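> Here's a structure for you.
The values are calculated or read from the model by the stated rules, or taken from the named source; none is laboratory data. Remember, it's a predicted structure, so these values are computed and weren't measured experimentally. Because the Cβ atoms are built from the backbone with ideal geometry, glycine has one as well, and the counts that use them run over all protein chains shown. Just the protein is used for accessible areas: all its heavy atoms, side chains included, with ligands, DNA and RNA removed. Shrake-Rupley method; radii C 1.70, N 1.55, O 1.52, S 1.80 Å.
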Amino acid sequence: MRLLLAYHNPSREMTPAPPVGMACIATAAAAAGHEVAFCDLTLSSRPLRALARALARHRPEVVGFSVRNIDNVVRQRAARELDAQRELLAAVRAWGPARIVVGGPAVSLLGAQVLTRLDADFAVIGEGEETVPELLAALGEGRSPATVAGIAWRDAAGLHATPPRPRAAFGASGLESWIDWRPYERRGHTWPIQTKRGCPYGCSYCGYPLLEGAAIRRRDPVEVVDEIARVARRWRPRTFEIIDSVLNEPPGHLLALCRELARRRLGVELTALGLSPRHTDEELFAALRAAGFRSLMLSPESASPRMLAAMHKGFDRADLDRTAALARASGLDCCCFFLLGAPGENRETVEETLAFIERELTSRRFFTIVFTGIRLLPGAPLTRAEQAAGRLAPDHDFTEPTFYLSPELDEAWTLRRINQTIARQPNVVHAAEGEVAAWQRLLEGVAFRLGFRPPVWRLYPRLLSFPPLAWLRRRFPEVGAPA
């Protein structure tokens, strides 16, 4: 089958991620003997025109779209990013008879419901490296797709779905074969590397276990470093990013990876998301430094012992205090995320979290982002609890931005209190302060020309502490409750 894969990530909350998931699909489909073309629309100024050219050039029988985000998960200025795909799908329908398949994280979370919003023939639910080649084979042979695991479709009788299937193992994405890295480099992107899939934690609000399963599937660290070396030779990215859902779970796997990186001496710089405070010590941070890590993202979500337990984070306040101290001593730049408003949140617990930020995350090596309100995701424990209590309908439309905020919490007071923290500590931002602005794009360009190694957020604490800008944010706070 002739397959055209189109990637369009309209998010402008942070630097849009390169299409690592779609590259996995492209690599698997090509290995299965299908004719695959790749159309990366993310950095295109005219995505519809670029898509039209790709359709005319490749004349695909099947067009696949990757849908990363349902919305921007910001309660105070919710934006429906899912709808940005509809115009692209309509262009394919108008072009000709190609079947349309959608997949990606947003589709896997929504399941068959996504087909009520997007005009596609099939949706791939869960990991698609085996599902997509099987679906293409079924379509090419005229067989019913009902025999393929991990898809949803619709017909006159309604919506249908087959159970998803996680892969027992996975390998390199092959991203280097499918994209032109140079435009991403100019925008300050990091090269994504996944070393394992699965998340054993049960955070009440999170969709990762739904996307990847609870069982951890690990790649051999030698194979991972081989991939990094191969990409470094071809594209020479300034920074590689480990994109595992939990970086240090299990801790032995991360240590083995760090040791292999240090042994090979590739001279690459690394960053990562998802460091858990649960498994941290001096040995781990020393290994990260020796391996070439220069920055990390952490998502403690709260510094209140009560809220950490309520959200089932898997670590306690002592773990968080220890990790903050280790991070300060390490010299690594750290981006920390906090999420206020879960069940049981009140003024006291908010004060605990904000006091921790004001006391422990004051260094200019820390950049802190605060969210207020929990985006309810289908299948997450908090969502199921709300449905069981009758506060959310069983057939609720999750394509619409849907948030939970603790009834014990006054949103206007909370946002005023966050503004006080921002005034005291300018390296803190609230997610509602706005999308990536023109000055941030300018900063990315300047940083690239000066040879700066991303992620660009490493520059923000220093920039936000610039006295005139810090004064403006104190004088004119941007964060307010939605109307």
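> Hey, got a sec? Which trypsin sites (Lys or Arg not before Pro) in segment 355-420 land in a DSSP loop and have at most 16 other Cβ atoms within 10 Å?
Sites meeting the loop and neighbour criteria: Arg364, Arg391.
> Would you be so kind as to identify which of Ala342, Asn419, Phe398 lies farthest towards the positive end of the dipole of segment 332-459, taking Lys and Arg as +1 and Asp and Glu as -1 on Cβ and the Cα centre as origin?
My answer, from the dipole projection, is Asn419.
> What cysteines in the chain have no other cysteine with a beta carbon less than 4.7 Å from their beta carbon?
Cys24, Cys39, Cys199, Cys258, Cys334, Cys335, Cys336
> Any idea how far the Cα center of segment 293-363 sits from the one of segment 124-200, in Å?
The two parts, judged by their Cα centres, are 34 Å apart.
> Nearest 20 debye, what's the magnitude of the dipole of the chain about its Cα centre given +1 on Lys and Arg Cβ and -1 on Asp and Glu Cβ?
With Lys and Arg at +1 and Asp and Glu at -1, about 1620 debye.
> Among Met297, Gly314, Pro164, whose Cα projects farthest towards the positive end of the dipole of segment 162-321, with charges put on the beta-carbon of Lys, Arg (+1) and Asp, Glu (-1)?
The one lying farthest along the dipole's positive direction is Pro164.
> Okay, next question. Would you mind working out the magnitude of the charge dipole of segment 402-475 relative to its Cα centre, with +1 at each Lys and Arg C-beta and -1 at each Asp and Glu C-beta, to the nearest 20 Debye?
Dipole about the Cα centre, nearest 20: 500 debye.
> For Ala232 and Asp220 in one chain, what is 0.36 nm times their gap in residues minus the Cα-Cα distance, to one decimal in nm?
Stretched fully, the Ala232-Asp220 segment lengthens by 2.5 nm.
> Ignoring any ligand, DNA or RNA, what whole percent of the accessible area of the chain comes from carbon and sulfur when the probe is 1.4 angstrom?
So the carbon and sulfur contribution to the accessible surface is 53 percent.
> Still on this structure, I have one more. On a full-extension model of 0.36 nm per residue, what is the gain between Arg289 and Ser44, subtracting their alpha-carbon distance, rounded to one decimal in nm?
Contour length minus the Cα-Cα distance gives 84.6 nm.
> Something else: Roughly speaking, what % of Cα-Cα pairs in the chain are separated by over 28 Å, rounded to a whole number?
54
> Positive end of the charge dipole of the chain (Lys, Arg +1 and Asp, Glu -1 on Cβ, about the Cα centre): tell me which of Ser144, Ala30, Ala52 has its Cα farthest that way.
Farthest along the dipole direction, towards plus: Ala52.
> Fully extended, how many nm does the chain gain between Glu351 and Ala56 (0.36 nm per residue separation, minus their Cα-Cα distance)?
Length gained between Glu351 and Ala56: 100.4 nm.
> With every protein chain left in place, what is the accessible area per residue of the chain in square angstrom, probe 1.4 Å?
Each residue of the chain exposes 41 Å² on average to a 1.4 Å probe.
> Loop-only check: which trypsin sites (Lys or Arg not before Pro) in segment 217-319 are DSSP coil with at most 13 other Cβ within 10 angstrom?
Arg265
> Can I ask one more? Round to the nearest 0.05 the FRET efficiency obtained for Ala389 and Thr116 when R0 = 35 Å and r is the Cβ-Cβ distance.
With a Förster radius of 35 Å, E is 0.90.
> Do you know the relative contact order of the chain, to the nearest whole percent, from alpha carbon pairs under 8 angstrom that are 6+ apart?
14
> Enter the Cα centre distance for the pair segment 243-289 and segment 373-425, rounded to the nearest angstrom.
32
> Please compute the modelled spin-label separation between Arg322 and Ala156, points set 7 Å along Cα→Cβ, answer in nm with one decimal.
Once both label points are built, they end up 6.4 nm from each other.
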